[in-house]
Each structure stands twice: as structure tokens, then as C-alpha cells.
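Structure record follows, encoded as C-alpha cells.
The values are calculated or read from the model by the stated rules, or taken from the named source; none is laboratory data. Predicted model only: the values in this text are computed from it and were never measured. FYI the Cβ positions are ideal-geometry reconstructions off the backbone, even for glycines, and counts take in every protein chain you see. Remember, those area values only see protein heavy atoms, side chains included, never the ligands or the DNA or RNA. Shrake-Rupley method; radii C 1.70, N 1.55, O 1.52, S 1.80 Å.
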Amino acid sequence: LAALGVINGGYQPYLNQLFVTPLFEQIRRFSNNYVRPFIENSPIKSILVGEGFRRDSSVFQRTFANESNMFFTFAFLDAERARGIAADILNIDELQDIDVEFIPILESCLAASHIGMTQYSGTPKTTDNAMHFKWEQSSQAHWVTKCTSCSDDNIAGIAFGLEKMIRKEGFCCKKCGALLNPAAGFYYHMYKDRANNNPGWHIPQTIMPMHYGNPRKWLQLYNKSVRWPRFRFYNEVLGEACDVG
């Protein structure tokens, strides 16, 4: 989100992007620890922000030389801080912890924009939150890796046998057990009619190079699958909702 926000703001003049998390500390870290270094360490920093960046030290706003802005706020107890911000793109992270009643207020910030795009991200936790609700309405794209040994399509979702692909030796075919190369995979939208207007992507740790491409990290992931409570493993590693009795 930070990289995309800087790219969007850098190339499109007068673009206003609003980033929202539930807690102040979350948005402070996002602004200071991710967005700021992307700008400060960029080889084209002078083009992006000119000389004004050093004077703009506010954690709640980053302004570009082309008059684009990145606004940052939080909405845990209420969404009042977002009122009055005219945004073109709304990004809500950790959506699962945002009160669903706040979403219409946050989305109203897009009312005056001809772009009016929203992006939601987070960890679904249970099935009773905004993150899972938005996922259910989306195109529900899952990562698919074809096995080079048996030609079986391995879909990285719990409903399609993802747990059977997690083995000690690596990310394996659920059918024949051969090692898979997720880098050769692709996203498949389960609801193609929603892909253009309401796309949603499921990103489990198992398909990320930092995990499947690192033996030490993969062993840690595998050990979590064995030792962690099932709901926590589903949430934090596989990125899927799981209700707990």
C-alpha cells in the first residue's frame, strides 16, 4: 500500500489519497516507517517532493511536488477525523477491526471525486467482521499453481486443500506430493463477473517468496501449522477467516 501510494501520488497531479487504520499507532508506523522511507530514499526524491519534503514533517500528511497528497488518519471509536477530507482513493487497512458503521462515513470522502476508488486490506479473523464481508462480495481470486508432475491445479485456499500442500519439505502438490513452484502460478477469480468492478485477492504466506523460497522461514511456517491453534494459523498465516467456539 505504501509503495503504490507513493507511485500514484508521484505520477498523477492533484491526486488525494486517504489511508485509514483503526489505531493511531498503526497509522503512525505506516506513515513514518513505510511511506517516509520510500520517499526519502528514492533516487527521484527531488522530482517527487522537491525541497518541501523536509519541512513537511506531519505524520498525517505527505505532499508531493505535483500537489498530490497522502492523508493518514485512524478510526477506532469514531470516523469523525476523516470528515472534510476530499479524497480520490480510499485505502482502509486492518479492515477487520473497523466498525462497519464507519465505512459509509469514510467512503463519503470520495463523493466529489471522478475516480472514487476504494481498497481494503487486512486479516479476516472471524466471519463476523467487515473484512470477511467485503471478501464475500469480491471476485475471490486465489493463487493457482499447476503441478509439473501430475498437472493438478493447486489452489491456495483452505476450501481447496491448502493445508495438504504444507509439508515439511516445502510447498507441495496436494495430489502427488511433488514440490511446487508458486512463482509459476497465477490468480484465478472464482467470480469472474466481479473481477472488473470488485476484485479481491487472497494472499496466504505460503505463496510468498520470503517463505517458500527460504528453508528456515518455511520450517517456521510448517511448525506453526503443527503447533499453533488452528484458528490462529488460519488467520495469521493462511489469511482466512475462522470462527472459534
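Selection of first residues in the range 146-159 that are assigned to a loop (DSSP other than H, G, I, E, B) and of second residues that are open to solvent by 40 Å² or more (accessible area, probe 1.4 Å), restricted to Cβ pairs under 6 Å at least 6 apart or on distinct chains, gives the following pairs, ordered by first then second residue: S149/C176; C150/K175; C150/C176; D152/K175; A156/W143. Take the residues in the range 206-215 that are under 17 Å from the mean Cα position of the chain (by Cα) and open to solvent by 50 Å² or more (accessible area, probe 1.4 Å); name whichever of them is nearest to G161 (Cα to Cα). Looking at residues that are under 17 Å from the mean Cα position of the chain (by Cα) and open to solvent by 50 Å² or more (accessible area, probe 1.4 Å), I get M208. Return yes when Q17 is of a type in the set (S, T, N, Q) and either in contact (Cβ under 8 Å) with a residue 60 or more places away in the chain or open to solvent by less than 30 Å² (accessible area, probe 1.4 Å) (or both) and no when it is not. Against the criterion (of a type in the set (S, T, N, Q) and either in contact (Cβ under 8 Å) with a residue 60 or more places away in the chain or open to solvent by less than 30 Å² (accessible area, probe 1.4 Å) (or both)), Q17 qualifies. Just wondering, is there one or more residues in the range 155-163 that are small (G, A, S), in contact with a Lys or Arg (Cβ under 7 Å, 6 or more places away or on another chain) and surrounded by fewer than 20 Cβ atoms within 10 Å (Cβ to Cβ)? Scanning the range 155-163 turns up at least one residue that is small (G, A, S), in contact with a Lys or Arg (Cβ under 7 Å, 6 or more places away or on another chain) and surrounded by fewer than 20 Cβ atoms within 10 Å (Cβ to Cβ). Out of N8, N41, N33, report the one residue that is among the polar types (S, T, N, Q), surrounded by fewer than 16 Cβ atoms within 10 Å (Cβ to Cβ) and closer than 26 Å to W201 by Cβ. Being among the polar types (S, T, N, Q), surrounded by fewer than 16 Cβ atoms within 10 Å (Cβ to Cβ) and closer than 26 Å to W201 by Cβ holds for just one of N8, N41, N33, which is N33.
Here W218 clears all of (1) open to solvent by 20 Å² or more (accessible area, probe 1.4 Å); (2) touching a Gly at 6+ places or on another chain (Cβ under 8 Å) except the condition numbered (1).
Within the range 225-245, the set of residues being over 20 Å from Q140 (Cβ atoms), out of contact with any Ser or Thr (no Cβ under 8 Å at 6 or more places or on another chain) and buried (at least 16 other Cβ atoms within 10 Å of the Cβ) comprises S225, F231. For the range 111-130, filtering for residues that are touching a strand residue (DSSP E or B) at 6+ places or on another chain (Cβ under 6 Å) and surrounded by 15 or more Cβ atoms within 10 Å (Cβ to Cβ) leaves 3.
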